There are 4 protein chains.
Amino acid sequence: MVTFRPAPEFILDMDYQNIIDSIFEVVKQNPNPGKVASYIPELGDVDPEQFGVHLVTVNNEHFHAGDSETGFSIQSIAKVLSLALAYKLDGGKIWKRVGVEPSGNPFNSLVQLEYDEGIPRNPMINAGALVICDILISQFENPKEVLLEFVRDISGDQSISYDLSVARSEKATGYRNEALASFLKSFGNIHNSTVDVLDFYFHLCSIHMNCRQLASTFLFLANNGSDPVIVNEILTPSRAKRINAIMLTCGFYDEAGEFTYEVGLPGKSGVGGGIVAICPNSYSIAVWSPRLNKKGNSCRGLDFLERFTTATGQSIF
Amino acid sequence: MVTFRPAPEFILDMDYQNIIDSIFEVVKQNPNPGKVASYIPELGDVDPEQFGVHLVTVNNEHFHAGDSETGFSIQSIAKVLSLALAYKLDGGKIWKRVGVEPSGNPFNSLVQLEYDEGIPRNPMINAGALVICDILISQFENPKEVLLEFVRDISGDQSISYDLSVARSEKATGYRNEALASFLKSFGNIHNSTVDVLDFYFHLCSIHMNCRQLASTFLFLANNGSDPVIVNEILTPSRAKRINAIMLTCGFYDEAGEFTYEVGLPGKSGVGGGIVAICPNSYSIAVWSPRLNKKGNSCRGLDFLERFTTATGQSIF
Amino acid sequence: MVTFRPAPEFILDMDYQNIIDSIFEVVKQNPNPGKVASYIPELGDVDPEQFGVHLVTVNNEHFHAGDSETGFSIQSIAKVLSLALAYKLDGGKIWKRVGVEPSGNPFNSLVQLEYDEGIPRNPMINAGALVICDILISQFENPKEVLLEFVRDISGDQSISYDLSVARSEKATGYRNEALASFLKSFGNIHNSTVDVLDFYFHLCSIHMNCRQLASTFLFLANNGSDPVIVNEILTPSRAKRINAIMLTCGFYDEAGEFTYEVGLPGKSGVGGGIVAICPNSYSIAVWSPRLNKKGNSCRGLDFLERFTTATGQSIF
Amino acid sequence: MVTFRPAPEFILDMDYQNIIDSIFEVVKQNPNPGKVASYIPELGDVDPEQFGVHLVTVNNEHFHAGDSETGFSIQSIAKVLSLALAYKLDGGKIWKRVGVEPSGNPFNSLVQLEYDEGIPRNPMINAGALVICDILISQFENPKEVLLEFVRDISGDQSISYDLSVARSEKATGYRNEALASFLKSFGNIHNSTVDVLDFYFHLCSIHMNCRQLASTFLFLANNGSDPVIVNEILTPSRAKRINAIMLTCGFYDEAGEFTYEVGLPGKSGVGGGIVAICPNSYSIAVWSPRLNKKGNSCRGLDFLERFTTATGQSIF
């Protein structure tokens, strides 16, 4: 018989508010050099200096700083939500159509899709998310409504919605995603019309949240798949862990290794400047600031999270 | 103030021996379909049905099953050891010459090396390990002796050694690694002679251990960088965590995502059929069985570890 | 002063009919192992044993054998015709949007398009032909009619037309071409709507001709750009030569080098089983037989042309 | 019966000296913007403004301008000579180990070699030339002597030799070629030791010639494979044509299509600044000037040849 010896940091009480406040100030004082995504006006028109943080623990305690109540476009972060819904419904069958390996490719996903004959490397890259959208379209008459309902349920917030003007703008300029959808269809890995798949995908990426809503929505992944407030199982513990594993290895475009290495938590970023990260059995944290580094991840978001996990010592490693 | 609520499994005592025994039997009964690596006779001549497991906890309790005392060639697993030594000595400077991103490339590393202009994606692929060898050669007059000394120290076992006939065979057929070394040198990312770098690399990969030795050698990575027995810091906690992060994202060739997804622990495999995995703050476990799947990872090793982490619930997610 | 010494074969009169007849018989007796393109029913439903040849000299003498009067879908051969029209009208400006280098890529053109940032390697690959279509759409209100008029003019045959059922079938299954068009548009190298570009492209590829019409259409390229019958300049001699150069290096998918090496004449093939080749200052020859080799070129077509240029000694080298 | 109608330019006497002189002056007056290859001192130390031309006809008439008697390193041009010797001896068997397709790859040959599993795309890229060297080493005890003898024979000039200091410098810095040789050997497509293959290869590339010698050496390829002076068959007409076809499609690195398109003759360039081109049944011409464009081809060499073939109208198309 072995008695587990917990790591020192796990027995300490954490003064999260204090830690958040002091790191928030440091990061806010630092230069903020990145660029705001500007391929659609709705993203480009945002005030680039905004910066918010919200942390919610599995005990439902909330801590925040800065512009944590200002909404933004969560963009690619939403890919985790559509994945969770598809995984819940379709189970392991989804892995026949999308992989779980990091793409590790600086060029971008079309090349790899060609080599892998239409099987996207993972559900966090655009190609993979399009396949997940296609799976949901095959399951529901109104996939956009069902997905929004699912997100509202797990966040406990009925005010969350699509930003239709973002969805429209994405559609009007989304030639690369059109190319991906047609390419996937040429390999037989899109079953519905590419028009429908793209429409759903652009709506998905347009979901609008603030940091509090985002942290709350992802809390179930820090809590073995269950909503800790109303104790409702959203995913089985095993499936929740697997989504965390995918976020860890694939959640930050071509910078997943760097994030794992520097932050040490599963997470997901979006070009709207949001990042959400999960500390299993402890908390979910959302950071938002619009300026992005060259890899497309929020500069202040990364800076904050690196400092935060260093200060708390709560990496999963 | 927040009081941390530990996950349920962490407060249970684990009957590791019982769990190991029962899973070992199941896996042993199952068909064992893979192929033994045979590109050098020393690897090909091994009895393919051998199968051993050894787990050691941070409290220095040991559990084992099967051929856990039979030595084998740890091959690529040794890349973690040379990385640990270089990281200890050279610190963050090594990351100027090798990345931390998964390679995610089914073709192999020469292609990516070309796109990335001689900077290997991570230290777990051959190109990255060659650069780490070059760094150590620049630091020591007798890098082979120093590395072996380091391994003997962290394992607490002076009997661990190179298998010179394996090193010789690798050298005689290692044209691909020769190509990698020359290619790296053409980009200026090898500073010493390629002959010396390859000689050191082939010795490194030839390190011979049994499961007990392998689990013991890696225990410090489960214990925040320190040897739990003699309480000696081998790496700082922060650096130990970073090596774990790299193992997690890059430790299983093109199957790192799959391993993360199925097993949920940082680990490293070798074509000799060995796999070592780390459960932070809990244990180090080594499994060995020579038959490999198509990606080059031990079939029984993967099967055992998937079942083991499912049974114990001790994933890092 | 130098007096040009002509090569021996150029001073001989050629008994083309006799040579064609004897080679036709040999090739017809040989096994015919390839496969008919079947991705659309209109191509798959053709009698695979059909085989026709037609040669027309710059002196307007005609020679033929087999099914030379049976029409077929010229498919990619039509890319030369749209190129000729765009080159005639837009001149050297077209080379800012499409290259003249062989693609030399076994995977296919999406990969290369990504590396080359949306500039197709040459106008003979699908991506390049789509850009040429886009250029023509920008020039004409009714590009489909203008192109057909141009083809009818240079062939001197008003009966040549699109096969609308082929165009429709291509459109219904052309997801790869859709992907290419959207991908090009994402790089800004398509100026019109992808729907219009694809519609024009699918019509272009559906042009229906028999061997006589095909040889006659391409005769101007063997005659320094001018129709030898009515002595009308279609392209300047310099531009005609340049199109021949592009056909030589890029006209046979991934087998351009092989064709140049074995046949030694500029030419272009299509998946309908047609091949047209040019002997400068001598003749244009069209061969058609539906069974294709693995690279997508007519087996009997290649076999016939290799034997024919060997027998006549009239390679350009 | 058909009477062949020769193209107009073929019946004109050409005043080659006059044409050469006037174009030479124009090109010499133009800015000369490229860079001299400087990866070894022997290439970098050359006077960058040197510029020579030599043309020899199949009637053994000679025309020249500028520094046509100054020797330079012919570098990659020598790949045609080793190919000619291997083709003469080994016949069609060589095509099992090297292809005839253009590489068409801006990255470079290691990538493509990996996809093509060790079969170089053609004998004009480094990988292909290394395989040809290996073939010759398997045939001769003293391949360096035999090759030099062959070159002296076809040029009729016993003073042609290797530049040993160039060969030594190449060897000392040739890590990329080392990588290629080891990579080829890892695929089994090098049968001898990579050290021997590289030694031969570096000697081959070091061959030193002036424009007169270079033009004379290649004259047999303009004359159906035979030396027109002493009427000696070096290659069969069919094989000579095939080498011309390979030069045309593969002779100018990633600019083969451009050269074919602009110049319209088979040719080969080297980083020493030399270019040789062939007009079948007419002449061989060598141009040399050390400054190279970004693709590695002589700026003045290309400029001269484009103007020369435009002025003479003697393209093969």
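The values are calculated or read from the model by the stated rules, or taken from the named source; none is laboratory data. The model shown is predicted, which means the values in this text are computed figures rather than measured ones. Positions of Cβ are backbone-derived with ideal geometry, glycine not excepted, and every protein chain shown enters the neighbour counts. Please note that ligands, DNA and RNA were not included when accessible areas were found on the heavy atoms of the full protein model with its side chains. Shrake-Rupley method; radii C 1.70, N 1.55, O 1.52, S 1.80 Å.
Overview of results
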| quantity | calculated |
| --- | --- |
| The protein assembly as shown: radius of gyration over Cα atoms, expressed as a fraction of 2.2 N^0.38 Å | 1.02 |
| Distance from the range B:8-74 to the range D:74-102 (C-alpha centre basis), Å | 53 |
| Alpha-carbon Rg/Rh ratio, for the range A:98-249, with Rh computed the Kirkwood way | 0.97 |
| Accessible area buried at the B-A interface, both sides summed, 1.4 Å probe (Å², nearest 100) | 4900 |
| Neighbour-limited loop hits for GluC sites (Glu not before Pro), the range D:140-179 (at most 12 other Cβ within 10 Å; DSSP other than H, G, I, E, B) | D:Glu141 |
| Virtual spin-label span in nm between C:Asn232 and D:Leu89, 7 Å along Cα→Cβ | 5.8 |
| Only Lys, Arg (+1) and Asp, Glu (-1) charged, at Cβ; chain D dipole about Cα centre in debye | 680 |
| Shape box of the range D:260-317 [Cα atoms, principal axes, largest first, Å] | 28, 16, 15 |
| 7 Å along Cα→Cβ, label-point gaps from A:His62 to other copies, nm, shortest first | 5.4, 8.5, 9.3 |
| Column: log10 I(q)/I(0), Debye, Cα scatterers of the range C:168-265, q = 0.15 Å⁻¹ | -0.91 |
| Most mobile of A:Asn126, A:Asn18, A:Asn60 in a GNM of chain A (Cα contacts under 10 Å) | A:Asn18 |
| Other-copy label distances relative to A:Ser159, 7 angstrom Cα-Cβ extension, nm | 6.9, 7.5, 9.2 |
| Residue closest to axis [chain B; rotation mapping onto C; Cβ; Å] | B:Tyr115, 5 |
| Interface residues in the range A:255-300 - accessible area drops by 40 Å² or more relative to the isolated chain, probe 1.4 Å | A:Gly257, A:Tyr261, A:Asn281 |
| Over chain C, equivalent-ellipsoid semi-axes from the Cα gyration tensor in Å | 30, 22, 19 |
| Over the protein assembly as shown: helical MRE at 222 nm, DSSP H runs n ≥ 4 each giving -39500 (n - 2.57), nearest 500 | -14000 deg cm²/dmol |
| Reduction of at least 30 Å² in accessible surface, 1.4 Å probe, comparing all protein chains with the chain by itself, residues of the range B:149-176 | B:Tyr175, B:Arg176 |
| Copies compared at C:Asp21 - label distances in nm, ascending, label defined 7 Å from Cα in the Cβ direction | 5.6, 9.2, 10.4 |
| Cα→Cβ-extended label distance, 7 Å offset, between A:Asn60 and D:Glu61, nm | 10.1 |
| Distance violations [Cα-Cα > 26 Å] among C:Lys79/D:Lys268; B:Lys144/D:Lys171; A:Lys35/A:Lys171; A:Lys93/A:Lys268 | C:Lys79/D:Lys268; B:Lys144/D:Lys171 |
| Per DSSP, loop GluC sites (Glu not before Pro) in the range A:34-136 with at most 16 further Cβ within 10 Å | A:Glu49, A:Glu61, A:Glu69, A:Glu117 |
| Å² of accessible area per residue within the protein assembly as shown, as computed with a 1.4 Å probe and no ligands counted | 33 |
| Point-charge dipole on Cβ atoms (K/R +1, D/E -1) for the range B:32-181, about Cα centre, debye to 20 | 500 |
| Accessible area of chain D belonging to carbon and sulfur atoms, whole % at 1.4 Å probe | 51 |
| For chain C, built as a Gaussian network whose Cα springs stay under 10 Å, the top-fluctuating residue of C:Ser284, C:Ser159, C:Ser182 | C:Ser159 |
| Inter-centroid distance (Cα atoms) of the range C:247-300 relative to the range A:138-216, Å | 46 |
| Dipole of the range B:175-271, positive direction: furthest Cα of B:Val231, B:Cys250, B:Tyr261, with charges on the beta-carbon | B:Val231 |
| Relative contact order of chain C, defined on C-alpha pairs under 8 angstrom at six or more residues apart (%) | 27 |
| For the range B:171-256, size of Cβ-based charge dipole, Lys and Arg +1, Asp and Glu -1, in debye | 100 |
| Residue with peak Gaussian network fluctuation, chain A [Cα springs, cutoff 10 Å], from A:Ser73, A:Ser138, A:Ser155 | A:Ser138 |
